[in-house]
Amino acid sequence: MPYTLEDFRRDYTRDHVDLLTPDERLQGLSLEEVLQRFSPEELQAYLAQRLREREHE
């Protein structure tokens with residue numbers, strides 16, 4: 001199977017993604033796509049922490 005331009009683009013991106021800012025990495029993803037990466041427990045823990053931080057402001 002030949003190495004295609006698509007293969008090159010994917011490999012190049014993987015090799016250089018660490019050079020992008022977090023905002024650049026998330027560009028093009030919907031909020032739902034991002035949140036699907038986390039379990040409900042992780043989301044609840046994060047939100048609880050944020051609420052505690054707000055209470056101490």
Computed over the chain: longest principal axis from alpha-carbon atoms vs helix 40-55 long axis, angle to nearest 10 degrees, is 50
The FRET efficiency for R10 and S39, from their Cβ-Cβ distance with R0 = 30 Å and rounded to 0.05, is 0.65
In degrees, nearest 10, the alpha-carbon axis of helix 5-16 is tilted away from the dominant principal axis of the alpha carbons of the chain by 40
Classified through the alpha carbon gyration tensor (a ≥ b ≥ c as square roots of its eigenvalues; rounded if a/c is under 1.5, else prolate when a/b is larger than b/c, else oblate), the chain comes out prolate
With x for Gly and Pro, the residue-by-residue ³J(HN,Hα) of the range 20-37, computed from phi through the Karplus equation 6.51 cos²θ - 1.76 cosθ + 1.60 at θ = phi - 60° and given in whole Hz, is 7, 6, x, 5, 5, 5, 7, 4, x, 9, 7, 4, 4, 5, 5, 5, 5, 6
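Once every DSSP H run of n ≥ 4 in the chain is given -39500 (n - 2.57) and the sum is divided by its residues, what mean residue ellipticity at 222 nm do you get, rounded to the nearest 500 deg cm²/dmol?
Numbers: 4 runs with 38 residues, N = 57.
Computed ellipticity for the chain at 222 nm equals -19000 deg cm²/dmol.
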Computed from the beta carbon distance with a Förster radius of 25 Å, FRET efficiency for L19 and Y46 to the nearest 0.05 stands at 0.40
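No value in this document is a laboratory result; all are computed from the given coordinates. Predicted model, so just to flag it, every value in this text is computed and none were measured. Backbone-built Cβ (ideal geometry, glycine too); neighbour counts: all protein chains shown.
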